[in-house]
Amino acid sequence: MAIAESWHVRARGRECAATQTSFSEGETIVTALFPDPESSGYLRRDFCIQGWTDHQAGGETAFSFWRTTYSIPTGNEKPNTVEKLSAEEILRRLVDEDEDHTENTRFVLAVMLERQKILRETDSQRTPNGILRVYEQRKTGEIYIVKDPDIPLSQVETVQNEVFILLENNGNSPKPVETTEPLAETDAEAPSEPTSIPVAPEDMQSESSDTEDHRDPTESDLTQAVGDAFP
């Protein structure tokens with residue numbers, strides 16, 4: 001069975017998958033991903049150290065596993081759908097949708113979030129179709145599996161622009177503007193007088209130029225993330 005090359009695995013469990021013992025705050029646990037025999041995705045299981053040792057003795061092979069620190073969920077992780085979506089919320093949606101044309105965008109978003117220390121890369125696995133990178137959300141423990149598309153340098157600027165547009169438009173690609181035919185003038189309608197545009201004083205023009213030259217922090221983060229991914 002082919003394994004999915006992009007996947008969003010929900011937050012960590014509250015107890016050991018082997019011993020059913022509840023985790024405690026700050027406890028070191030092992031998170032493991034296993035191929036799901038009923039789908040093309042992955043099953044997540046979290047283990048205490050002893051539970052993981054016992055599980056390994058059973059011989060089941062994990063696709064990926066790593067040690068992490070357990071934090072008690074606060075219940076505040078749900079996004080506010082009214083407010084502007086964050087880069088992570090956009091990544092979560094794109095990974096869940098798993099559309100082929102967003103593969104490059106997902107990777108750049110993941111690199112950007114890793115640079116912001118929101119995600120951390122816990123593992124990478126080489127598959128017949130490329131490298132899969134496993135990212136863990138530092139606070140919630142959610143896992144994102146993102147394919148490294150090995151973007152050609154000639155396409156980096158295009159991908160960067162696509163990501164920036166998504167961030168500016170709340171995760172949506174803007175729809176093309178529909179043009180309509182101009183209404184024909186009638187004899188009764190006189191052509192409108194040209195509207196004069198007031199010219200700002202020199203001091204106001206200078207202030208406007210300074211504003212336009214200011215780099216948005218999000219764009220700066222994105223530019224640096226692209227630089228990190230494609231040195």
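With respect to the numbered conditions (1) at pLDDT below 70; (2) of a type in the set (A, V, I, L, M); (3) surrounded by fewer than 10 Cβ atoms within 10 Å (Cβ to Cβ), which one is the sole condition not fulfilled by Leu153?
(1)
Taking only segment 94-104 into account, find how many residues are more than 8 Å from the chain's Cα centre (by Cα), touching a residue at least 12 places away in the same chain (Cβ under 8 Å) and at negative phi.
Result for segment 94-104: 3.
Among the numbered criteria (1) surrounded by fewer than 16 Cβ atoms within 10 Å (Cβ to Cβ); (2) part of a helix (DSSP H, G or I), which one does Arg92 miss?
The single condition Arg92 does not satisfy is (1).
For segment 57-78: of the residues being assigned to a strand (DSSP E or B) and not basic (Lys, Arg), which is farthest from Glu25 (Cα to Cα)?
Ser64
Against the definition (under 30 Å from Thr102 (Cβ atoms) and loosely packed, with under 15 Cβ neighbours inside 10 Å), how does Ser40 come out, yes or no?
yes
Answer with yes or no whether Leu85 is under 12 Å from the mean Cα position of the chain (by Cα), over 15 Å from Arg138 (Cα atoms) and either surrounded by 14 or more Cβ atoms within 10 Å (Cβ to Cβ) or at pLDDT 90 or above (or both).
Against the criterion (under 12 Å from the mean Cα position of the chain (by Cα), over 15 Å from Arg138 (Cα atoms) and either surrounded by 14 or more Cβ atoms within 10 Å (Cβ to Cβ) or at pLDDT 90 or above (or both)), Leu85 qualifies.
Is it fair to say Ile165 is under 26 Å from Phe63 (Cβ atoms) and either at pLDDT 80 or above or among the small types (Gly, Ala, Ser) (or both)?
Against the criterion (under 26 Å from Phe63 (Cβ atoms) and either at pLDDT 80 or above or among the small types (Gly, Ala, Ser) (or both)), Ile165 does not qualify.
Phe107 versus (1) modelled with pLDDT of 90 or more; (2) touching a Ser or Thr at 6+ places or on another chain (Cβ under 6 Å): which is the lone unmet condition?
Every condition holds for Phe107 apart from (2).
Of all residues in segment 114-153, count the ones that are free of Cβ contacts under 8 Å to residues at least 40 places away in the same chain, farther than 23 Å from Thr74 by Cα and in a loop (DSSP other than H, G, I, E, B).
Counting residues in segment 114-153 that are free of Cβ contacts under 8 Å to residues at least 40 places away in the same chain, farther than 23 Å from Thr74 by Cα and in a loop (DSSP other than H, G, I, E, B) gives 3.
Can you name every residue in segment 97-122 that is under 25 Å from Arg45 (Cβ atoms) and buried (at least 16 other Cβ atoms within 10 Å of the Cβ)?
Asp98, Arg106, Ala110, Leu113, Glu114, Ile118, Leu119, Thr122
Quick test for you: out of Asp46, Asp54, pick the one residue that is among the acidic types (Asp, Glu), touching a strand residue (DSSP E or B) at 6+ places or on another chain (Cβ under 9 Å) and part of a strand (DSSP E or B).
Asp46
Those residues that are under 18 Å from Arg120 (Cα atoms) and crowded, with 16+ Cβ neighbours inside 10 Å, I need them from segment 16-37; list them, please.
Ile29, Val30, Thr31, Ala32, Leu33
The values are calculated or read from the model by the stated rules, or taken from the named source; none is laboratory data. Every value quoted in this text rests on a predicted model; they were computed, and no experiment measured them. Please note: Cβ atoms are built from the backbone with ideal geometry, for glycine as well, and neighbour counts cover all protein chains shown.
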